[in-house]
Structure formats: structure tokens, C-alpha cells
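Participant: A single structure is presented below for examination.
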Amino acid sequence: MNDYPAMIATVNRVEPVPRRIRALLAGQTVVDTTRALYVWEWPNYPQYYIPLADIRPDLLVSEGHSQHSPLGAVEIHGLRVHDTRRPHAAKLLRDSPVPKLGGTVRFEWAALDAWFEEDERVFVHPRNPYVRVDAVRSTRTVRVELEGVVLGETPSPIMVFETGLPTRYYFDRSALDFAHLIPSDTVTECPYKGTTSGYWSVEVGESIHRDLAWSYDFPTRQLLPIAGLVAFYNERVDIVLDGQRLERPITHFFNRSTDRSLLRTDSGR
């Protein structure tokens, strides 16, 4: 059993979205609806299913073939806005055995340039209505180590509690030993926190562990307490909380059988 709350939605659960949803491509509004549906294709987060009537019909381009899915047969469409083309961008469900899904379209998220809930930009995927994300001040001492090397320690972390994920511990930069941190060009996005402004790999001995730490200089307003602070993947480092070493969690971010986060340094480094 995990030591953090798990996701509760089941696959193929359908719920109404009580927010206006819009999506843009090449400056044109493709989707504008207050009738979207959340559909959980897997438990971690839902996708938007959009009524066909709330999509610009002139921008959908049939690709002339269909696929079978657990929700019914889907017709594959591309998107075209002037010279901008996005093939395989949309799946149209004419009919579905799942109530309410007939006549809806599911878009590939990255096929659109930007998505909005009301007037706030949303990144990566729809926000899960059953997920809570809190940034909480603490006076519990936290130390982060890797292979016995102390990377940082703080008596005043910011703890981020996010449904379905282990607690993340955010450190003030003055509490870290940057002699072991190597800046990376990696950028990631989170629907709850925003876009990262920094990533670091960790060098210990002759090994470089790729992209283990990150920071948000300009997080979403709900997560402002973490602005400029640095957190590490608990899955790949050792966290010592109030003197107790925590077990490394296993999450969908790192699969032990396929993890390739470890790189060897060049002999001339």
C-alpha cells in the first residue's frame, strides 16, 4: 500500500465538465463548449470528450478510416487551419455503448496549440476534478541524499501533497549543494503547477543521474509557495524526514524495468 492517497476514478467513468473549455490551433478557435465530458481512459486523469456540435466543422478533415476502441468505433479525423495541418488529431464517436458519449470527439492534446478552462491555460492534460494539490509550509527537517552524498538539507521545506503521487519536498536553493547539480535543458509542464523553469541532473562520483531535480520560478497561482524552490524525484533519490529514511516509491514516472535515468560521464569529464 502506498503512503499517499490513490486515484479513485475507474476506467470509462464519465462526468460532466462544469467549465467552459476552449482549444486553439493556428490562432483559430477549434473547440468552444460548456458541454464537455470528462472520460477516464485510465485512472490517473481524464480526457475531454467534446460534442461534435461545439467544434468548428470546417476544420475537421476525415481521413477515411476508423478504429475500434472500448468506447465504440471511432472515425479518425485530422485538423486543418489554413496551411497548418495536424493528422490523426481527432477521434469521432458516432455511437457508443457508454451513455452520453455518442456524437462526441476526443482530441489528441498536443494536436492543439493551447487549451483553456474558462480563461486559464491548461497544460499536458485536463485537470482531474478528484485531484487535490496543496503546497504546505513545514518545520520538519528534510534531507536529500544520493549514494550517500548529501545534496541538501532544510528545516523549513515546502511540502506538496498531490493526490496519486508521493509528497514532494521543495528546498530553498541556499539549502542545496549545487556542486553536484548540473543544469539541464529539459522542460516539463504540469496541469496543476505550470511550466518548469529549471531542471538539474545529479553528478555523484563518476555517474550522472539525469533530470532528478526541477523548479518552477513562475508556478500557477495555487502553487505560489514553491516559486523558485527545488524538488527531487523521490523515486530516484533518498529522502530522510525527521531522521527517518523513507522508502523510495514506485510511480508511473519511473518504471524500474525501463528506467534510463543513469548516464555514465565521459572519461574526459
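Participant: For the chain, modelled as a GNM with alpha-carbon contacts under 10 angstrom, which of 206, 145, 120 fluctuates the most?
Facilitator: Ranking 206, 145, 120 by mean-square fluctuation puts 206 first.
Participant: Measuring from label point to label point, each 7 Å out along Cα→Cβ, what is the residue 125 to residue 222 span in nm?
Facilitator: 1.6 nm
Participant: What FRET efficiency do you get for residue 189 and residue 66 if R0 is 35 Å and r is their Cβ-Cβ distance, rounded to the nearest 0.05?
Facilitator: Numbers: r = 31 Å, r/R0 = 0.90.
Between residue 189 and residue 66 the formula returns 0.65.
Participant: So what are the three principal axis dimensions of the stretch 98-184 from its Cα atoms, in whole Å, longest to shortest?
Facilitator: Extents along the principal axes, in whole Å: 56, 28, 28.
Participant: Hey, another quick one. Taking every alpha carbon pair in the stretch 138-203, what does the distance histogram look like in 5 angstrom bins from 0, in percent?
Facilitator: Answer for the stretch 138-203: a P(r) of 3, 14, 20, 25, 23, 12, 1 percent.
Participant: Related question: Please report the spacing between the Cα centers of the stretch 181-220 and the stretch 1-52 in Å, no decimals.
Facilitator: 27 Å
Participant: May I ask for the Kirkwood hydrodynamic radius of the chain, worked out over all distinct Cα pairs and given in angstroms to one decimal? The partial results should precede the final answer.
Facilitator: Details: mean 1/r = 0.0480 Å⁻¹.
Result for the chain, one decimal place: 20.8 Å.
Participant: A further question on this structure: Find the Cα radius of gyration of the stretch 12-86, compare it with 2.2 N^0.38 Å by division, and give the number to two decimals.
Facilitator: Numbers: Rg = 13.5 Å, N = 75, 2.2 N^0.38 = 11.3 Å.
Working it through for the stretch 12-86, the quotient is 1.19.
Participant: Would you mind counting up the charge near residue 29? Only other residues with Cβ under 10 Å from its Cβ, with Lys and Arg at +1 and Asp and Glu at -1. If you can, show how the numbers build up before the last one.
Facilitator: Numbers: positive: 22, 56; negative: 32.
Once positives and negatives cancel, what remains is +1.
Participant: With Kirkwood's inverse mean 1/r over C-alpha pairs for Rh, give me the Rg to Rh ratio of the stretch 31-157, two decimals please. Working shown, then result.
Facilitator: Working: Rg = 20.6 Å, Rh = 17.5 Å.
Result for the stretch 31-157 is an Rg/Rh of 1.17.
Participant: Additional query: Applying 1/(1 + (r/R0)^6) with R0 = 35 Å to the Cβ-Cβ distance of residue 134 and residue 114, what FRET efficiency is obtained, to the nearest 0.05?
Facilitator: On the way: r = 27 Å, r/R0 = 0.76.
Efficiency, rounded to the nearest 0.05: 0.85.
Participant: Related question: With a Förster radius of 35 Å, plug the Cβ-Cβ distance of residue 12 and residue 247 into 1/(1 + (r/R0)^6) and report the FRET value to the nearest 0.05.
Facilitator: On the way: r = 33 Å, r/R0 = 0.93.
Here the calculated transfer efficiency is 0.60.
Participant: Two-decimal Rg/Rh of the stretch 195-234 from alpha-carbon positions, Kirkwood Rh? Present the calculation step by step, with values, prior to reporting the outcome.
Facilitator: Working: Rg = 11.9 Å, Rh = 10.9 Å.
Radius of gyration relative to Kirkwood radius: 1.09.
Participant: How charged is the neighbourhood of residue 46? Take every other residue with its Cβ under 14 Å from the Cβ of residue 46, and add Lys/Arg as +1 and Asp/Glu as -1. The partial results should precede the final answer.
Facilitator: Values: positive: 13, 19, 100, 106, 127; negative: 15, 41, 117.
That sum, taken over residues with Cβ under 14 Å, equals +2.
Participant: Based on the Kirkwood radius over alpha-carbon pairs, what is the Stokes-Einstein translational diffusion coefficient of the stretch 128-265 at 4 °C with 1.567 mPa s viscosity, in µm²/s?
Facilitator: Values: Rh = 15.3 Å.
The calculation lands on 85 µm²/s.
Participant: For the stretch 81-92, what does the Karplus curve 6.51 cos²θ - 1.76 cosθ + 1.60, with θ = phi - 60°, yield as ³J(HN,Hα) per residue in whole Hz, taken in order and with x for Gly and Pro?
Facilitator: 10, 6, 8, 8, 10, 10, x, 6, 7, 9, 10, 9
We did not get these values from a lab; they are worked out from the coordinates using the rules stated. Keep in mind that this is a model prediction, so the values were computed, not measured. Ideal geometry is used to build each Cβ from the backbone, glycine not excepted, and the neighbour counts take in all protein chains shown.
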